[in-house]
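Visitor: Below is one structure. I have some questions about it.
The values are calculated or read from the model by the stated rules, or taken from the named source; none is laboratory data. All values reported here derive from a predicted model rather than from experimental measurement. Note that we place each Cβ from the backbone using ideal geometry, even for glycine, and neighbour counts take in every protein chain shown. Surface accessibility is based on the protein's heavy atoms, side chains included, excluding ligands, DNA and RNA. Shrake-Rupley method; radii C 1.70, N 1.55, O 1.52, S 1.80 Å.
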Amino acid sequence: MSETNNGSQPTSNDIFQTLIDHHSRLKYFLPGSEAPTDAAHVPHPYNRPSYDQMYMAIAEIVALRSTCLRGRVGAVITKDTRIISIGYNGAPSKIGQCDQYGCIIDSEKGGCIRTIHAEQNAIAYASRIGIPIENATIYVTVSPCIDCAKLIIASGIKRLVYLQEYRNSYALEYLELSGLEVEQLNYGLSAIYNEYCGQEASECQ
């Protein structure tokens, strides 16, 4: 049975209807209304964020942990709809951070040499504790640089979803030419809040 757009199973063919039929002590319950006699009378499922929307919003929250002064980036790696690693850009742990001492810029290559990129941190952590990330999906708030793109390919990740495009956009084409599925998702934390918890929503679902 296929999933609906929000990840919920259709209720008209509830497999637990048989269980309810066999046990009189069990019944359907809906707060604020009389219990229906069968699953066919249950209202439509909640409107919920998709997995992509949820994980991108989480990546934006992860980015808030960044210590880089030049831009905050978050990454979330998932597999089988579960988070298996996260990362944000910042210096290695127990080493001075940019927000403490300032960024260190390479005048020839450019970029801050103090920090590790969010994608690198997420992949490195998974590797360090033995989490396989082959065929995983990585969500990033900013599309990867060319070096991170190469690492993503080498790690076996098969899908990348990004929120904003980094200035060196050829890295995205590099990923696509290497066989990765690449997708931009213009839906993040603010969109989640506005749709589900904002003033226009009747309640924070």
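Visitor: Considering only residues that are acidic (Asp, Glu) and either assigned to a helix (DSSP H, G or I) or buried (at least 18 other Cβ atoms within 10 Å of the Cβ) (or both), which ones fall in segment 152-167? Write out each step before concluding.
Guide: Taking segment 152-167 as the starting set, the residues that turn out to be acidic (Asp, Glu) are 165.
None; the set is empty.
Visitor: I've got another one for you. Please state which one of Arg82, Arg65, Arg114, Arg70 is under 26 Å from Val182 (Cα atoms), in contact with a Phe, Trp or Tyr (Cβ under 9 Å, 6 or more places away or on another chain) and charged (D, E, K, R).
Guide: Numbers: Arg82 fails: in contact with a Phe, Trp or Tyr (Cβ under 9 Å, 6 or more places away or on another chain); Arg114 fails: under 26 Å from Val182 (Cα atoms); Arg70 fails: in contact with a Phe, Trp or Tyr (Cβ under 9 Å, 6 or more places away or on another chain).
One residue alone meets the criteria, Arg65.
Visitor: Sticking with this structure for a sec: Going by the structure shown, is Val76 in a strand (DSSP E or B), in contact with a Leu (Cβ under 8 Å, 6 or more places away or on another chain) and under 26 Å from Asn186 (Cβ atoms)?
Guide: No.
Visitor: Next question, about the same structure. Which of (1) modelled with pLDDT of 95 or more; (2) within 18 Å of the chain's Cα centre (by Cα); (3) farther than 15 Å from Thr137 by Cβ is the odd one out, the single condition Ala191 does not satisfy?
Guide: (1)
Visitor: Something else about it: If I filter segment 102-118 for residues that are within 22 Å of Tyr51 (Cβ to Cβ) and either touching a helix residue (DSSP H, G or I) at 6+ places or on another chain (Cβ under 7 Å) or surrounded by 17 or more Cβ atoms within 10 Å (Cβ to Cβ) (or both), do I get at least one hit? Reasoning before the result, please.
Guide: The initial filter retains those residues of segment 102-118 that are within 22 Å of Tyr51 (Cβ to Cβ), namely 118.
Filter again for either touching a helix residue (DSSP H, G or I) at 6+ places or on another chain (Cβ under 7 Å) or surrounded by 17 or more Cβ atoms within 10 Å (Cβ to Cβ) (or both), leaving 118.
Checked segment 102-118: at least one residue is within 22 Å of Tyr51 (Cβ to Cβ) and either touching a helix residue (DSSP H, G or I) at 6+ places or on another chain (Cβ under 7 Å) or surrounded by 17 or more Cβ atoms within 10 Å (Cβ to Cβ) (or both).
Each row is one residue, and each column tells you yes or no for (1) over 14 Å from Val161 (Cα atoms); (2) of a type in the set (Phe, Trp, Tyr); (3) assigned to a loop (DSSP other than H, G, I, E, B); (4) modelled with pLDDT of 95 or more.
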| position | (1), (2), (3), (4) |
| --- | --- |
| Ala59 | no, no, no, yes |
| Ser66 | yes, no, yes, no |
| Leu69 | yes, no, yes, no |
| Gln120 | yes, no, no, yes |
| Val140 | no, no, no, yes |
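Visitor: Quick one: is Ala149 open to solvent by 60 Å² or more (accessible area, probe 1.4 Å), free of Cβ contacts under 8 Å to residues at least 40 places away in the same chain, in a helix (DSSP H, G or I) and farther than 23 Å from Leu64 by Cβ? Can you show your working first?
Guide: Details: open to solvent by 60 Å² or more (accessible area, probe 1.4 Å): no; free of Cβ contacts under 8 Å to residues at least 40 places away in the same chain: yes; in a helix (DSSP H, G or I): yes; farther than 23 Å from Leu64 by Cβ: yes.
Answer is no for this residue.
Visitor: Follow-up question, since we're still on this one. Do any residues in segment 168-185 that are under 15 Å from Val140 (Cβ atoms) and open to solvent by less than 80 Å² (accessible area, probe 1.4 Å) have Cβ atoms under 9 Å from those of residues that are among the small types (Gly, Ala, Ser) and assigned to a helix (DSSP H, G or I), where the two are at least six apart or on different chains, and which pairs are they?
Guide: Ala171/Ala149; Leu172/Ala149; Leu175/Ala149; Leu180/Ala149
Visitor: Cβ-Cβ under 9 Å, sequence separation 6+ or interchain: first residue in segment 78-89 and touching a residue at least 60 places away in the same chain (Cβ under 8 Å), partner not charged (D, E, K, R). Which pairs?
Guide: Pairs found: Thr78/Tyr51; Thr78/Tyr55; Thr78/Ile84; Thr78/Ser85; Thr78/Ala136; Thr78/Thr137; Thr78/Ile138; Thr78/Tyr139.
Visitor: Further question on the same structure: Kindly check whether there is at least one residue in segment 124-134 that is part of a loop (DSSP other than H, G, I, E, B) and more than 23 Å from the chain's Cα centre (by Cα).
Guide: Of segment 124-134, the ones part of a loop (DSSP other than H, G, I, E, B) are 129-134.
Filter once more, keeping what is more than 23 Å from the chain's Cα centre (by Cα): none.
Within segment 124-134, not a single residue is part of a loop (DSSP other than H, G, I, E, B) and more than 23 Å from the chain's Cα centre (by Cα).
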